[in-house]
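Remarks on the structure that follows.
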């Protein structure tokens, strides 16, 4: 497979936005809503160009787009982008490419691990009866999750409840909150990240390391 530098791609952003590149980058570092929406619209085609080299299933490409766009924002928050070394679009493409390579390696490693397994068959359905220890652990986890939810912002709690408790689709969530589907995806991703950080903070250090 070619490296990102060897692929002849016109790294021209798509989408309309009045933000200059430097303003957009600064807005993304501040996690401003207008900057995030401009970013998702402007560089969507760039991400999908990269995704096309790794994922053939159209149904999975949208999920991969969300993964890459969020990963790039996290990298940007760590000040890994240097405008003196190239444009923001070029940097995004390299970040997306490297992330795709990492994800493929992880996927292949999991497949090799499964192939090397002993072959013991799992039951078709889990045992409905839980041991007292399992019940206690489940109770502790439930209490931990509920406590973590209370620490989130109201919108974050609402988004997670709509998605994972009421099992609403992204389209339904967007309609409920009067926002676009792209905004719903981004805000849900942000709420999930906040929940993960809160849970890790509340877990005992030994459990968090494991």
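Taking 7 Å steps out from each Cα toward its Cβ at residue 180 and residue 18 produces label points 1.6 nm apart. Taking the inverse of the mean 1/r over every pair of distinct Cα atoms in the stretch 141-202 gives a Kirkwood hydrodynamic radius of 11.8 Å. Ordering 23-33, 54-64 by mean Cβ neighbour count within 10 Å, with the highest value first, yields 23-33, 54-64. Size of the stretch 18-79 from its Cα atoms: along the principal axes, largest to smallest, the extents are 34, 25, 16 Å.
Bear in mind that the values in this text are calculations on the coordinates, not laboratory data. Keep in mind the model is a prediction, meaning the values are calculated, not measured. Every residue, glycine as well, gets a Cβ built from its backbone with ideal geometry; the counts of neighbours run over all protein chains shown.
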